[in-house]
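K.L.:
There's a structure below that I have some questions on.
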Amino acid sequence: MLAAAPLLALAACSDTGQDSNRVNEINRDRYVSGDGSNYRWEDPADRFDAPRLTGDDLHGNPIDTDDWAGSVLVVNFWGAWCPPCVAEAPYLVEAAAAFEGQPVQFVGVDIRDNLDAAKQFEERWGVPYPSISDEAGRIADQFIDFGLSPTNIPATIVVDAEHRVFSIWRDRFYDTETIVADVTKALET
């Protein structure tokens, strides 16, 4: 099913019962950056089903990736406390704008942030797409069954229109062109 593991980097901090602000302070100092690996399954026959993601966005609205059937999905795991997530945010925003009007949906998964910090992050960067609030890390845990390790963020999964995993990126993006090129390939296959 999945030949390469570990592939995905999510979040490694746990809530030890402290208030959310204290957890965010701890997280800022404890993120583990990915190794920059990228895995791509060019042949559709080699791809595996992506998990269905559901939850509420940062404003309490329900999100279900099944609502975007037939669209390529770009799922970015991030945290406002994560310096590489901050660094890549403008590139993701630009890439989302590049695909406006096309069958592509960007969605974030905000890992272990308090709601205020997450909203401020999205406002600061003008994020035009929704993010699922995953303060407890439950969405990230869904990827363990695929041999993916919830150890660090940022991480991005590009999912084809059949909702199969096309590529997995372990680390931040350093430019908009890389994201656009990967999503374009997913649209073509």
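The values are calculated or read from the model by the stated rules, or taken from the named source; none is laboratory data. These numbers were taken from a predicted model, which means no experiment stands behind them. Reconstructed Cβ throughout: ideal geometry from the backbone, glycine too, with neighbour counts over all protein chains shown. Surface areas here come from the heavy atoms of the whole protein model, side chains and all, with no ligands, DNA or RNA. Shrake-Rupley method; radii C 1.70, N 1.55, O 1.52, S 1.80 Å.
K.L.:
What are the pairs with Cβ atoms under 6 angstrom where one residue, in region 81-99, is under 18 Å from Arg170 (Cα atoms) and the other, located anywhere, is among the basic types (Lys, Arg) and surrounded by fewer than 23 Cβ atoms within 10 Å (Cβ to Cβ)? Sequence gap at least six, or different chains.
P.N.:
Close Cβ pairs (under 6 Å, with a partner that is among the basic types (Lys, Arg) and surrounded by fewer than 23 Cβ atoms within 10 Å (Cβ to Cβ)) amount to Trp81/Arg28.
K.L.:
So, in region 106-127, exactly how many residues are touching a strand residue (DSSP E or B) at 6+ places or on another chain (Cβ under 8 Å) and free of Cβ contacts under 8 Å to residues at least 40 places away in the same chain?
P.N.:
Looking only at that region, the number is 3.
K.L.:
Kindly indicate the residue of region 114-139 that is of a type in the set (Asp, Glu) and at pLDDT 85 or above and also most open to solvent (accessible area, probe 1.4 Å) among those meeting that condition.
P.N.:
Selected residue: Glu123.
K.L.:
Moving on to the next point. Among the residues of region 75-102, which ones are at pLDDT 95 or above, in a loop (DSSP other than H, G, I, E, B) and buried (at least 19 other Cβ atoms within 10 Å of the Cβ)?
P.N.:
Within region 75-102, Phe99 is the sole residue that qualifies.
K.L.:
Now for a separate question. Just to be sure before I move on: is Gly147 at pLDDT 95 or above, open to solvent by 30 Å² or more (accessible area, probe 1.4 Å) and not hydrophobic (A, V, I, L, M, F, W, C) in the structure I sent?
P.N.:
no
K.L.:
Consider Gly101 carefully, then state whether it is over 21 Å from Val165 (Cα atoms) and within 13 Å of the chain's Cα centre (by Cα).
P.N.:
Considered against the rule, which asks whether it is over 21 Å from Val165 (Cα atoms) and within 13 Å of the chain's Cα centre (by Cα), Gly101 comes out as no.
K.L.:
If you don't mind, another one. Sort out which residues of region 158-189 are among the basic types (Lys, Arg) and part of a helix (DSSP H, G or I), and write them in order of number.
P.N.:
Correct list: Lys185 only.
K.L.:
I've got another one for you. Quick check on Val107: is it β-branched (Val, Ile, Thr), open to solvent by less than 60 Å² (accessible area, probe 1.4 Å) and more than 14 Å from Arg172 (Cα to Cα)?
P.N.:
yes
K.L.:
Name the residue that is modelled with the highest pLDDT, counting only residues in region 18-39 that are under 18 Å from the mean Cα position of the chain (by Cα) and either among the polar types (S, T, N, Q) or within 18 Å of Val104 (Cα to Cα) (or both).
P.N.:
Looking at the filtered set, the residue picked out is Asn38.
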